[in-house]
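A short worksheet on the structure shown next.
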Amino acid sequence: MTDNLDQLAGQMVALFRQAVALAKAEVDAIIQRGEQDSQRIEHQLDHMIGLCCDPDMLVVFKRLCRYYYGIDPAAAAGYVQAYREMWDMPDEVVAGGGV
């Protein structure tokens, strides 16, 4: 059973690496072209936010949020807030005293 779990974990890591590489390529393209299409940018942010538990994906997500802030500050702030609601831990859990 341990071998199966190790294999599954390895597959998940490989999928995360692939997702990060694809997201980075798309974010690079958006920024290099000076893309202003809010729908395209938000579509990419929507795809990435669920994978921001991965530190490398978080870096790419933050990069696109910073870029988007120059286009639509309120929308970019909304994505930052959505990230915080999804992934940030409450202070009491981080401090070891909660839930």
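Laboratory data are not the source of any read-out in this text; all were calculated from the coordinates shown. All figures in this text were calculated on a predicted structure; none of them were measured in a lab. Cβ sites come from the backbone with ideal geometry, for glycine too, and all protein chains shown count toward neighbours.
The table for this structure:
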{"read-out": "Average Cα contact separation per residue, the chain, under 8 Å, 6 or more apart, as relative contact order %", "value": "21"}
{"read-out": "Stretch gain in nm, segment residue 69-residue 81, where the contour uses 0.36 nm per residue and the Cα spacing is subtracted", "value": "3.0 nm"}
{"read-out": "Relative packing of peptides 34-43, 2-11, 58-67, 15-24 - highest average C-beta neighbours within 10 Å first", "value": "58-67, 15-24, 34-43, 2-11"}
{"read-out": "Vicinal HN-Hα couplings computed from phi for the stretch 7-20 (Karplus, 6.51 cos²θ - 1.76 cosθ + 1.60; Hz; Gly/Pro x)", "value": "5, 4, 4, x, 5, 5, 4, 4, 5, 4, 4, 5, 4, 5"}
{"read-out": "Cβ-defined net charge surrounding residue 48, 12 Å radius [Lys, Arg +1; Asp, Glu -1]", "value": "-2"}
{"read-out": "Reference-scaled alpha-carbon Rg (2.2 N^0.38 Å with N residues) for the chain", "value": "1.28"}
{"read-out": "Separation of the residue 2 and residue 16 label points, Cα + 7 Å toward Cβ, nm", "value": "2.2"}
